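The values are calculated or read from the model by the stated rules, or taken from the named source; none is laboratory data. Worth saying up front: this structure is predicted, and the values here are computed from it rather than measured. Ideal geometry is used to build each Cβ from the backbone, glycine not excepted, and the neighbour counts take in all protein chains shown. We work out accessible area using only protein heavy atoms, side chains counted, and drop any ligands, DNA or RNA first. Shrake-Rupley method; radii C 1.70, N 1.55, O 1.52, S 1.80 Å.
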Amino acid sequence: MSSTVFTGCSECNNENPRARVTNLGSEEVSVQVKTTGGNTENINTIEPGKASEFRSYSPGQVTYTIVLKNNEEIVEEVEMGFCADYEIIVDQDNEVRTTSTDRE
């Protein structure tokens, strides 16, 4: 009887994390992203039921300021590590949660 052993080979080699915003709410949202390095990026007008494209950021503390159509602001801070994809989700009640998936 022979056995086969599969060994994994990581495709990710200290690549910067990526993130996107998914809007499950009933109104459009816009997002301002601030990284620990001081960079700021705006992702404007994410329609209900849509998601932004993934954007790559430097690892570290990232602050998302999500602006709802009524100008209410929701702030979410996420510690982003190498080789991970993050999804910032605005739900039907305008609550924010973050999920992450390793790319390794």
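List of remarks:
- For the chain, the dipole from Cβ point charges (+1 on Lys and Arg, -1 on Asp and Glu) about the Cα centre works out to 280 debye, to the nearest 20.
- Carbon/sulfur fraction of accessible area - the chain, other protein chains in place, 1.4 Å, %: 40
- Distant-in-sequence amide contacts of Thr36, defined by a placed amide H-H separation under 5 Å and a gap of 5 or more residues or a different chain, comprise Gln61.
- Since only Ser58, Thr45, Ala19 are under comparison, the one whose Cα sits farthest along the positive direction of the charge dipole of the chain, derived from C-beta charges on Lys, Arg, Asp and Glu, is Ser58.
- GNM result for the chain, Cα springs below 10 Å: residue of Val78, Val90, Val31 fluctuating most strongly: Val78
- Inter-label distance for Glu79 and Thr45, nm, one decimal - labels placed 7 Å from Cα along Cα-to-Cβ: 3.8
- Structure-derived Cα Rg over 2.2 N^0.38 Å: which label, when the choices are [x] 1.35; [y] 1.29; [z] 1.15: [y]
- Ser100 accessible area, 1.4 Å probe, all protein chains in place, Å² to nearest 10: 80
- Where the chain is the region considered: accessible area per residue in Å², 1.4 Å probe: 64
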